[in-house]
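Have a look at the structure below, then the notes.
No lab work stands behind these numbers, since they all come straight from the coordinates. Keep in mind that this is a model prediction, so the values were computed, not measured. Because the Cβ atoms are built from the backbone with ideal geometry, glycine has one as well, and the counts that use them run over all protein chains shown.
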Amino acid sequence: MTPEQLAEAGLRYQVDGSTATITLDRPQVRNAQTPAMWRALATLGEEIPDDVRVVVVRGEGRSFSSGLDRAMLTAGGGDGQETVADLLAQPDHRIAETIEQYQRGFTFLRDPRFVSVAAVRGHAVGAGFQLALACDLRVVAQDATFGMLESTLGLVPDLTGTKPLVELVGYSRALEICVTGRLVPAAEAVDLGLALLAVPGDELDATVTDLASALAAPMAGVVSETKALLLAAGGRSLDEQRRFEREAQVRRFRELARLAGG
């Protein structure tokens with residue numbers, strides 16, 4: 001996508017060496033999200049080059065993302081742009097198909113080719129929380145707050161956030177967070193395992209930069225193989241996981257031998 005197309009969707013994208021940074025750039029509405037943004041994220045995910053090792057997702061200004069732009073809940077509220085309210089005129093299967101397309105703007109962050117990191121300050125609620133959950137790791141400023149606010153709108157989380165939330169905090173805590181719609185502050189997020197660590201706001205960017213450097217340091221194949229193993233581990237038996245570990249290690253041995261002989 002061109003910078004102009006990204007800007008129209010409220011995004012910026014920059015590649016610096018092995019690190020790509022995706023910035024939600026609608027600070028005037030606390031980086032509220034739209035269907036156009038989700039579609040742009042999905043397209044952008046397909047265009048990330050293979051030599052990118054780390055993808056950082058951040059928000060411009062004081063908030064990561066305040067979630068869905070409330071104007072998107074009103075038919076015609078998008079000034080001619082696609083809105084969530086427009087879905088109501090569609091049959092059920094078309095609504096589900098459209099939501100699946102939106103979800104692609106989140107699922108690409110699980111690609112084993114790279115490690116994704118959410119740099120979160122201020123609010124990360126609703127779709128903002130789900131975008132942070134789509135990343136492999138979350139580093140937060142001490143003023144960060146997470147919240148799954150869909151229940152307050154009579155909706156459920158549908159942008160791929162439920163599975164990682166349960167995996168991170170367990171069923172009971174995930175249910176409580178989703179149904180009550182309460183905000184989870186940074187310190188609790190660290191305690192629950194939602195975030196790696198919380199740092200003062202003026203240290204967030206430097207901390208994420210240092211983490212990105214550390215994540216990019218190992219050989220590329222090591223990181224992608226390890227991420228693929230860990231992503232699938234929860235759905236496999238021990239015997240299945242042992243087999244996949246063996247197969248991955250054979251590939252690593254072969255790659256190391258190739259490099260040594262080349």
Step through the residues of region 37-50 one at a time and calculate ³J(HN,Hα) from phi using the Karplus curve (6.51 cos²θ - 1.76 cosθ + 1.60, θ = phi - 60°), rounding each to whole Hz and writing x for Gly and Pro. 5, 5, 5, 5, 4, 4, 5, 4, x, 6, 9, 5, x, 5
Under the Karplus relation 6.51 cos²θ - 1.76 cosθ + 1.60, θ = phi - 60°, what is the ordered set of whole-Hz ³J(HN,Hα) values for region 151-168, x standing for Gly and Pro? 5, 5, 9, x, 10, 10, x, 9, 10, 6, x, 5, 5, x, 5, 5, 5, 7
Once amide hydrogens are built 1.01 Å from N within the peptide plane, the residues lying 5 or more places from Leu11 or on another chain with amide H under 5 Å from its amide H are Asp25
Would you pull out the residues with amide H under 5 Å of Val120's amide H, same chain only if 5 or more places away, H placed 1.01 Å from N? Val139, Val140, Ala141
Most exposed to least, judged by fewest other Cβ atoms within 10 Å, Met37, Met72, Met1 sort to Met1, Met72, Met37
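To the nearest 500 deg cm²/dmol, what mean residue ellipticity at 222 nm is calculated for the chain from DSSP H runs of n ≥ 4 alone, each contributing -39,500 (n - 2.57), summed and divided by the residues?
Values: 10 runs with 119 residues, N = 262.
Per the formula, -14000 deg cm²/dmol.
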Of all DSSP beta bridges located in the chain, what percent are antiparallel, nearest 5? 25 percent
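Using 0.36 nm per residue of separation minus the Cα-Cα distance, give me the extension gain between Asp79 and Glu4 in nm, one decimal.
Numbers: separation 75, 0.36 × 75 = 27.00 nm, distance 1.84 nm.
Taking 0.36 nm per residue and subtracting the Cα distance, the gain is 25.2 nm.
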How do 212-218, 49-55 rank on mean C-beta neighbours within 10 Å, highest first? 49-55, 212-218
With a/c under 1.5 counting as rounded, go ahead and sort region 220-261 into rounded, prolate or oblate using the C-alpha gyration tensor (a ≥ b ≥ c being the square roots of the eigenvalues; past the cut-off, prolate if a/b is larger than b/c, else oblate). oblate
Could you tell me which residue out of Phe106, Gln90, Leu211 lies farthest along the dipole of the chain toward its positive end? Charges go on the beta carbon: Lys and Arg +1, Asp and Glu -1, centred on the Cα centre. Leu211
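List the chymotrypsin sites (Phe, Trp or Tyr not before Pro) within region 8-77 that DSSP assigns to loop and that have no more than 11 neighbouring Cβ atoms inside 10 Å.
Numbers: sites: Tyr13, Trp38, Phe64; in loops: Phe64.
Answer in residue order: no site qualifies.
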Stokes-Einstein translational diffusion, the chain - Kirkwood Rh over all Cα pairs, 0.890 mPa s, 25 °C, in µm²/s: 127 µm²/s
Computed ³J(HN,Hα) along region 232-239: with the Karplus parameters 6.51/-1.76/1.60, θ = phi - 60°, integer Hz and x for glycine or proline, the list is 8, 4, x, x, 10, 6, 4, 5
For a quick check: with amide H placed at 1.01 Å from N, whose amide H comes under 5 Å from Ala195's, ignoring anything fewer than 5 positions away on the same chain? Val190
Given 168-180, 232-244, 144-156, 123-135, the highest-first ranking by average Cβ count within 10 Å works out to 123-135, 144-156, 168-180, 232-244
